[in-house]
1. Under a 1.4 Å probe, what is the accessible area of the chain per residue, stated in Å²?
2. Which order do you get for LEU279, LEU244, LEU123 if you rank them by accessible area with a 1.4 Å probe, largest at the top?
3. How much accessible surface area, in Å² rounded to 10, belongs to the heavy atoms of ASP10 with a 1.4 Å probe?
4. Cut-off under 12 Å on the C-alpha distance; same-chain residues fewer than 8 positions from LYS93 excluded. Which aspartates and glutamates are left, in chain and number order?
5. Quick one: accessible surface of ILE237, probe radius 1.4 Å, all protein chains present, in square angstrom to the nearest 10.
6. Just flag the GluC sites (Glu not before Pro) in the range 179-269 sitting in loop per DSSP whose Cβ has no more than 11 other Cβ atoms within 10 Å.
7. Whole Å is fine, so just give me how far the alpha carbon centre of the range 90-148 lies from that of the range 249-282.
8. Which of SER28, SER117, SER213 ends up with the largest GNM mean-square fluctuation for the chain, with Cα atoms connected below 10 Å?
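The values are calculated or read from the model by the stated rules, or taken from the named source; none is laboratory data. None of these values were measured; they are calculated from a predicted model. Here the Cβ positions follow ideal geometry from the backbone for every residue, glycine too, while neighbour counts run over all protein chains shown. Only protein heavy atoms, including side chains, enter the accessible area calculation; ligands, DNA and RNA are left aside. Shrake-Rupley method; radii C 1.70, N 1.55, O 1.52, S 1.80 Å.
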Amino acid sequence: MGITGSLTPDQLQFFHSQGYLVIESFASEDEISSLRKRMNELLNQFDCSVSSIFSTKNQKQTTDNYFFESAEKISFFFEEKAFGEDGELKQPKELSINKVGHALHELDPLYKEFTYSSKVSSLASSLGYRRPVIMQSMYIFKQPGIGGEVVPHQDNSFVYTDPPSCTGLWMALEDSTTVNGCLWAIPGSHKNGLVRRFIRGESGVTFDRPSPSYEQKDFVSIEMKAGSMIAIHGDLIHQSFENLSSKSRHAYSLHVVESDGCKWAEDNWIQREKMPEPLYVP
């Protein structure tokens with residue numbers, strides 16, 4: 001396949017024992033600037049009369065056809081607190097968007113170039129993937145003052161294969177701190193396996209069982225500098241709090257799965273007419 005892994009044995013040992021790994025300076029300042037500039041252009045072109053809200057607290061209530069159809073499009077989702085009682089945005093759209101997804105990596109040339117770069121492929125190779133496929137991409141804004149909470153979850157709940165194979169790749173495009181809503185995780189929690197799944201059925205989407213309760217004292221904060229990448233095991237319990245600060249926390253997130261020997265679940269929320277092309281083939 002011609003792809004050489006980029007992680008050291010010590011880094012891999014940390015990932016397998018803790019369930020996550022931060023790789024500093026994964027992206028250059030120029031790459032960060034280009035990705036952010038391109039997103040500004042996409043936002044300027046977006047017609048905000050088409051509104052959909054993203055929430056990890058009220059998934060079923062806020063999930064609609066716009067959400068389902070975003071699997072193969074570039075779609076825009078607002079923060080829950082972006083709208084006033086009159087149904088109008090409280091502030092400009094660029095300060096109201098929660099995220100853009102879920103096919104940026106396929107449809108936008110700049111995001112595709114970065115996603116299919118040798119550095120991303122090398123990271124996937126280090127993690128043991130033979131024929132990795134990026135099933136979804138998201139640009140996450142974590143807006144100042146209204147950036148919504150992301151409740152404790154596992155990525156395999158949403159991006160499920162049999163056997164489970166998801167890894168989250170989350171890259172900070174701005175410094176991510178405890179002040180503006182950085183990630184928190186329970187180290188080693190991936191060893192306990194998958195606790196529930198997010199299922200798509202005839203009546204919409206729902207979790208197949210209630211969420212377990214977690215002790216906040218078990219979480220550790222993961223602060224990251226702009227340009228750092230974190231690899232997140234699909235079964236790792238992680239979360240982020242509301243951003244009540246005056247500074248945003250932009251990030252670019254990918255979810256990779258194995259397509260060699262792993263079957264895409266037919267009841268995942270993401271259902272596509274055509275699978276994305278793999279990062280590389282054996």
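1. Values: 12890 Å² over 282 residues.
For the chain, the solvent-accessible area averages 46 Å² per residue.
2. LEU244, LEU279, LEU123
3. About 120 Å², rounded to the nearest 10.
4. Answer for LYS93, where 12 Å is the Cα cut-off: ASP47, GLU79, listed by chain and number.
5. It works out to around 10 Å².
6. Within the range 179-269, the qualifying GluC sites (Glu not before Pro) (loop, at most 11 other Cβ atoms within 10 Å) are GLU202, GLU215, GLU266.
7. 13
8. Among SER28, SER117, SER213, the largest GNM mean-square fluctuation belongs to SER213.
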